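Presented below is the structure to which this report refers.
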Amino acid sequence: MGKIACANVLSDLYAMGVTDVDNMLLLLGVAKELSAAQRKVVIPMLMAGFRDLAAEAGVTINGGQTVVNPWMTVGGVATSICKEGEFIIPDKAAPGDVIVLTKPLGIQAAVNLNQWMQLDNASWQLAKTLTTPEFVAKGYQDATTSMITLNLTAARLMKKHNGHAATDVTGFGILGHAQNLAEFQNEDVNFVIHTLPILAGFAEFTRKLAAAGGRNFRITLGTGAETSGGLLIAMEAEDAARFVAEMRGEGGMAWIIGDIVEGKKTAKIVEDPKIIDVSY
């Protein structure tokens, strides 16, 4: 959780191409239901995870706040002082650009499915008829790997390859964040998504689950929530091809998933999007 929170906080700056972060604060809400013994185990682990990923990003944590809370929360604040030209204002997407994504979708489904299995609850009683514990464990591991992966390389390469606009994909889902980005553009454009990279097997599993009367995670509709997701970037096609190749060459992930066209500042997913199964 500490690493995930750190990655998520830093992504707000990475989405603007800012890779040199000057200061970071850790905000921690300690669940009041935790016993003193539990706190001695859980809290140091959370803080260590946050600190370790901040160090990987080359960022120093210089303070923060800890409070007692009804439930466990962890987050932070990251700031950087930049000159003009050191960051990307996310408003320059233009017709003819393409859309790039740097992490797969399906995080919420993978995490919830693992939680159901651990709790052996009513949701798991249905889900286990459609999948296996091995599938659940692999999906959860892949989701965790994705969430703790920094968007630092993506931010650096986005700036190198002339990104026109970007956002990180989190709670609003890919379609919600694409819509927010479209509305912010100087030109009247639409974001049209034709490809969805999703954690391997989860597009099919969530379809079966919804059809059987279980929860509909809405991954292929683009409205499923994500946590510490990738960067969604608008850039020229040739730049995007170089960006994707260089991301993969450095051990990362990236896909061209859509097009920027003339429009009315909206976003949509085509009726039958291409699904790419992604494993770490």
**Message:** Of the conditions (1) over 19 Å from the mean Cα position of the chain (by Cα); (2) open to solvent by 30 Å² or more (accessible area, probe 1.4 Å), H161 satisfies every one except a single condition; which number is it?
**Reply:** (2)
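Any residue at all in segment 46-66 that is within 23 Å of G213 (Cβ to Cβ) and exposed (fewer than 15 other Cβ atoms within 10 Å of the Cβ)?
No: zero hits.
Please pick out the residue among A122, A127, A178 that is out of contact with any Gly (no Cβ under 9 Å at 6 or more places or on another chain) and of a type outside the set (S, T, Y). Steps first, please.
Values: A127 fails: out of contact with any Gly (no Cβ under 9 Å at 6 or more places or on another chain); A178 fails: out of contact with any Gly (no Cβ under 9 Å at 6 or more places or on another chain).
Every option except A122 fails the conditions.
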**Message:** Take the residues in segment 205-220 that are part of a loop (DSSP other than H, G, I, E, B) and basic (K, R); name whichever of them is nearest to L126 (Cα to Cα).
**Reply:** R215
**Residues located in segment 95-134, provided they are more than 22 Å from K274 (Cα to Cα), open to solvent by 20 Å² or more (accessible area, probe 1.4 Å) and in contact (Cβ under 8 Å) with a residue 60 or more places away in the chain** = V111, N112, S123, L126, T129, L130, T131
**Request:** Mind listing whichever residues of segment 83-99 are at pLDDT 95 or above and over 21 Å from the mean Cα position of the chain (by Cα)?
**Result:** K92, A94, P95, G96, D97
**Prompt:** For segment 14-45, what are the residues that are open to solvent by 10 Å² or more (accessible area, probe 1.4 Å), of a type in the set (S, T, Y) and under 27 Å from N162 (Cα atoms)?
**Reply:** T19
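Answer with yes or no whether T145 is outside any loop (DSSP other than H, G, I, E, B), polar (S, T, N, Q) and surrounded by fewer than 16 Cβ atoms within 10 Å (Cβ to Cβ).
Values: outside any loop (DSSP other than H, G, I, E, B): yes; polar (S, T, N, Q): yes; surrounded by fewer than 16 Cβ atoms within 10 Å (Cβ to Cβ): yes.
Answer is yes for this residue.
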**Item:** Number of the exception - V261 against (1) surrounded by fewer than 19 Cβ atoms within 10 Å (Cβ to Cβ); (2) touching a helix residue (DSSP H, G or I) at 6+ places or on another chain (Cβ under 9 Å)
**Value:** (2)
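Looking at this structure, is T227 hydroxyl-bearing (S, T, Y), more than 22 Å from A7 (Cβ to Cβ) and modelled with pLDDT of 95 or more?
On the way: hydroxyl-bearing (S, T, Y): yes; more than 22 Å from A7 (Cβ to Cβ): no; modelled with pLDDT of 95 or more: yes.
Criteria not met by T227.
Hey, can you tell me all the residues within segment 221-251 that are in a loop (DSSP other than H, G, I, E, B), in contact with a helix residue (DSSP H, G or I) (Cβ under 6 Å, 6 or more places away or on another chain) and surrounded by fewer than 22 Cβ atoms within 10 Å (Cβ to Cβ)? Reasoning before the result, please.
Start the filter on segment 221-251 by keeping residues that are in a loop (DSSP other than H, G, I, E, B), which leaves 221-230, 236, 250-251.
From what is left, the residues that are in contact with a helix residue (DSSP H, G or I) (Cβ under 6 Å, 6 or more places away or on another chain) are 222-228, 250.
Within segment 221-251, T223, A225, T227, E250 meet the criteria.
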**Request:** Quick one: in segment 101-117, of everything that is under 23 Å from G171 (Cβ atoms), in a helix (DSSP H, G or I) and not β-branched (V, I, T), which residue is nearest to the chain's Cα centre (by Cα)?
**Result:** Q108
**Asked** In segment 9-27, which residues are under 17 Å from the mean Cα position of the chain (by Cα) and outside any loop (DSSP other than H, G, I, E, B)?
**Response** V9, L10, S11, D12, L13, Y14
**Message:** Condition (residue is surrounded by fewer than 22 Cβ atoms within 10 Å (Cβ to Cβ), hydrophobic (A, V, I, L, M, F, W, C) and farther than 24 Å from V244 by Cα) applied to segment 200-211: is it met by at least one residue?
**Reply:** yes
**Item:** Only listed residue being under 21 Å from L126 (Cβ atoms) and assigned to a strand (DSSP E or B), chosen from I198, I193, I256
**Value:** I198
**Request:** Given the conditions (1) under 20 Å from G224 (Cα atoms); (2) at pLDDT below 95, report the number of the one that I148 does not fulfil.
**Result:** (2)
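Just name the residue that is nearest to M147 (Cα to Cα) out of those in segment 43-94 that are without any contact (Cβ under 8 Å) to a residue 24 or more places away in the chain and hydrophobic (A, V, I, L, M, F, W, C).
A55
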**Complete set of residues in segment 37-82 that are assigned to a loop (DSSP other than H, G, I, E, B), at pLDDT below 95 and among the hydroxyl-bearing types (S, T, Y)** = T60
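The values are calculated or read from the model by the stated rules, or taken from the named source; none is laboratory data. Just so you know, these numbers come straight off a predicted model, no measurement behind them. Using ideal geometry, Cβ is built from the backbone for each residue, glycine included, and neighbour counts are taken over all protein chains shown. Each accessible area value is taken on the protein alone, full model and side chains, heavy atoms only, with ligands, DNA and RNA left out. Shrake-Rupley method; radii C 1.70, N 1.55, O 1.52, S 1.80 Å.
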